[in-house]
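**Q** Here it is, the structure in full.
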Amino acid sequence: MRMTVYLDVLLLTNLWLDYAMLETAAHLTHTPLKHLRGLAAAGLGAVSALAVFLPAMHPALSVVLRILTALLMAAAAFGVRNIRLCAVQTAVLFGISAAFCGVISMLSVPQYSRNAVIYTDVSLLVLLIGSGIAAAAAVVWGRLRSRLPEGAYRLHLRIAGCDFSLPAFCDTGNTLCDVFTGRPVIVCPAEVLCGWISCYRDAESAAQTRKGFRMLPVHTVAGMRLLPAFLPDSAGIVRNGTAQERPLDVLIAVTDAAGERAIVPATIL
C-alpha cells in the first residue's frame, strides 16, 4: 500500500506528541520541566522523525538511534546535573515512546513505518486529544504514586562523630539540587541536629567546619533565602518496617524552621 507522508503533518504531530511525552516523563520522575526547554527538546524529537525518509536501516540500529534521541531529548529538557537521574529520565522517556508506538501499531488505522518512525493516517485533532488525555492520566497516576504515609522513612546521618536518626518525608516539590555537583539536597531542621550544632555559635558556623560547605539559595513561598549546606560523613535512608538501608550521596541543608522531620526530594526515593 502506498501512502503519502506530509512533512508538515509529520513534524507538527511529532512536536506535540514529544512534548506530551516529555511532560509525562517529567511527572513520573518528579522533575520540573520548563516550557521553552520542553519545546526545544520536543523539536529535537520532531526532527528525528525525518528518519522515516531515509533508506531502511537494520532494526537494531533503529533502536539505538531512538535511544540516543531519547537521551538528547532528556538532556535538553531536564539538563545533565546527575548522571543517574538522566539515565532514569532517558529510560522512562524511551519506554513511554515505545509504549505509544506499540499502541499505535495495534490500532486499525492506515500507517507507514520505517526506521522506528510511525506515520499514521489519523487526523491531527484525534492525536492531540488522545495524547492530551494520556498525559493527563500519567500526571494523575504520578501524583497518586508520590503520596507516602507520614513518617514513612527514617534518615540516618553521621556528622563529626555524631549519629542522628530522624523521621523523613518525601516532598515532590523539593527539587533543590547543588548546581556544582548535581547532588540532591535534603533539608533538616537545626533543632534535630542540635547535638552537633550546639558546639558552635549557630548552624552556619557549624556547617563551615564541614567538607563541601556552601550557602545554597532556596526559593520558598516567603521568598528567597540562603541555607548553609555541607556533605555529611555518611547518610542513609530506610523505609519504616524494613531493615535495608539505602546509602545516599547528598548535601544536607540546615534550616531554622521549626520541625523534627527531614525534607527529602522525591528523586532520592
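**Q** Look through segment 1-43, keep the residues that are of a type in the set (Phe, Trp, Tyr) and within 18 Å of Phe94 (Cα to Cα), and return whichever of them is modelled with the highest pLDDT.
**A** If we take residues in segment 1-43 being of a type in the set (Phe, Trp, Tyr) and within 18 Å of Phe94 (Cα to Cα), then Tyr19 is modelled with the highest pLDDT.
**Q** On the given criteria, is Leu11 outside any helix (DSSP H, G or I), within 22 Å of Ile129 (Cβ to Cβ) and either assigned by TED's automatic domain parsing to the domain that holds Phe100 or within 20 Å of the chain's Cα centre (by Cα) (or both)?
**A** no
**Q** Give me a count of the residues in segment 68-84 that are surrounded by 17 or more Cβ atoms within 10 Å (Cβ to Cβ) and over 14 Å from Pro32 (Cβ atoms).
**A** Final tally of qualifying residues: 5.
**Q** Since Ala49 meets every condition but one in (1) within 16 Å of Ala98 (Cα to Cα); (2) in a loop (DSSP other than H, G, I, E, B), which condition does it not meet?
**A** For Ala49, the exception is condition (2).
**Q** OK, next. Can you tell me which residue among Ala56, Ala42 is closer than 26 Å to Ala137 by Cβ and touching a residue at least 12 places away in the same chain (Cβ under 8 Å)?
**A** Selected residue: Ala42, the only one of Ala56, Ala42 that is closer than 26 Å to Ala137 by Cβ and touching a residue at least 12 places away in the same chain (Cβ under 8 Å).
**Q** Condition check: of a type in the set (A, V, I, L, M, F, W, C) and either surrounded by fewer than 17 Cβ atoms within 10 Å (Cβ to Cβ) or more than 13 Å from Val117 (Cα to Cα) (or both). Does Leu10 satisfy that?
**A** no
**Q** Further question: Residue by residue through segment 254-269, note down the ones that are at negative phi and part of a loop (DSSP other than H, G, I, E, B).
**A** Correct list: Asp256, Ala257, Ala258, Glu260, Arg261, Ala266, Thr267, Ile268, Leu269.
**Q** Still on this model: Could you grab me the full set of residues in segment 78-97 that are among the polar types (S, T, N, Q) and either over 23 Å from Val185 (Cα atoms) or modelled with pLDDT of 80 or more (or both)?
**A** If the condition is that a residue be among the polar types (S, T, N, Q) and either over 23 Å from Val185 (Cα atoms) or modelled with pLDDT of 80 or more (or both), then Gln89, Thr90, Ser97 are the ones that fit.
**Q** Further, regarding this structure: With the checklist (1) assigned to a loop (DSSP other than H, G, I, E, B); (2) closer than 30 Å to Cys177 by Cβ; (3) of a type outside the set (D, E, K, R); (4) more than 11 Å from the chain's Cα centre (by Cα) in hand, flag the one item Gly43 doesn't pass.
**A** Going through (1) assigned to a loop (DSSP other than H, G, I, E, B); (2) closer than 30 Å to Cys177 by Cβ; (3) of a type outside the set (D, E, K, R); (4) more than 11 Å from the chain's Cα centre (by Cα) one by one, Gly43 breaks only (1).
The values are calculated or read from the model by the stated rules, or taken from the named source; none is laboratory data. Quantities reported herein were computed from a predicted structural model and do not represent experimental measurements. In this analysis, Cβ positions are derived from the backbone assuming ideal geometry, glycine residues included, and neighbour counts consider all displayed protein chains.
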